[in-house]
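Just so it is clear, none of the values below were taken in a lab; they were calculated from the coordinates. Note that the coordinates shown come from a computational prediction; the quantities given were computed from them, not determined experimentally. A quick note on method: Cβ atoms are made from the backbone with ideal geometry, for glycine too, and the neighbour counts reach across all protein chains shown.
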């Protein structure tokens, strides 16, 4: 069990860092337009995608890692490919930050404030779209699921690892909703300040996570 968690938990922690997804959620919760209803719908949309990734990751990687060991050539190739993709994503994120004007209309903050996304249903769809485009989380969460299916641990331990990975990855998304319900008054101001902070450093956070775990997966693939 401990060996399985040492493989799954670090990947889940990396997958949990989603500056764009979190920043947009904080903006919704700090807005005056039905923040709780829209925020809850947005969170539900992201969790639907994360649930789908869990099922897909377990099913697909179970077929791809039939030898049941993290050292087989298939799993090493998967780790290496995902690590390489994370490094490419880091390069893309950095270049985009240099060349993109943050005040353009397609900025996520502007999108969240658009009248088209003023309803809970639209916020739900927005949550789905944002999570599907959150490639760094996807590229880290799928290897976490692969680590579970490749582990010789008992089924009960694998179930615990999957649940733990899901909760770790989802916790930064669920926490603002819980806080908004528990402390509706002061949390609006907190979210507004935190949104500015996350937005200010979202590129550095994203690139840092992508580089660190990209290198981690490449080294893991080489060492087997």
Report the calculated FRET efficiency for residue 156 and residue 88 (r = Cβ-Cβ distance, R0 = 25 Å), to the nearest 0.05.
0.10
Relative to the chain, whose Cα atoms define the longest principal axis, helix 120-132 and its Cα axis are tilted in degrees, nearest 10, by 40 degrees
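Taking the highest mean first, how do the peptides 14-26, 157-169 order by number of other beta carbon atoms within 10 angstrom per residue? Walk me through the numbers on the way to the answer.
On the way: 14-26: 24.1, 157-169: 18.4.
Highest mean packing first, the order is 14-26, 157-169.
Sorting 6, 75, 54 on the 10 Å Cβ count, fewest up front, what's the list?
Working: 6 10, 75 25, 54 20.
Arranged by neighbour count, lowest to highest, 6, 75, 54 become 6, 54, 75.
Work out how much length residue 219 to residue 183 would gain on full extension: take 0.36 nm times their residue separation and subtract the Cα-Cα distance, in nm to one decimal. Walk me through the numbers on the way to the answer.
Values: separation 36, 0.36 × 36 = 12.96 nm, distance 4.40 nm.
Length gained between residue 219 and residue 183: 8.6 nm.
Expected output is a single nm value to one decimal: the length gained when fully extending between residue 44 and residue 171, i.e. 0.36 nm times separation in residues minus the C-alpha distance. What is it?
Details: separation 127, 0.36 × 127 = 45.72 nm, distance 1.27 nm.
The residue 44-residue 171 span can extend by a further 44.5 nm.
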Does anyone have the angle between helix 35-64 and the longest principal axis of the chain? Alpha-carbon axes, 0 to 90°, nearest 10?
10 degrees
As a test of the formula, what do you get for the chain when each DSSP H run with n ≥ 4 contributes -39,500 (n - 2.57) and the sum is divided by the residue count, at 222 nm and rounded to the nearest 500 deg cm²/dmol?
-28500 deg cm²/dmol
Taking just the C-alpha trace of the chain, give me its Rg and Dmax in Å.
18.2, 54
Using packing as a proxy for protection, rank 199-211, 133-145 so that the peptide with the highest average count of other Cβ atoms within 10 Å comes first.
133-145, 199-211
Rank-order 179-188, 38-47, 146-155 by packing density, defined as the average count of other C-beta atoms within 10 Å over each peptide's residues, highest first.
38-47, 146-155, 179-188
Acute angle (nearest 10 degrees) that the helix 184-223 long axis makes with the longest principal axis of the chain, alpha-carbon atoms:
20 degrees
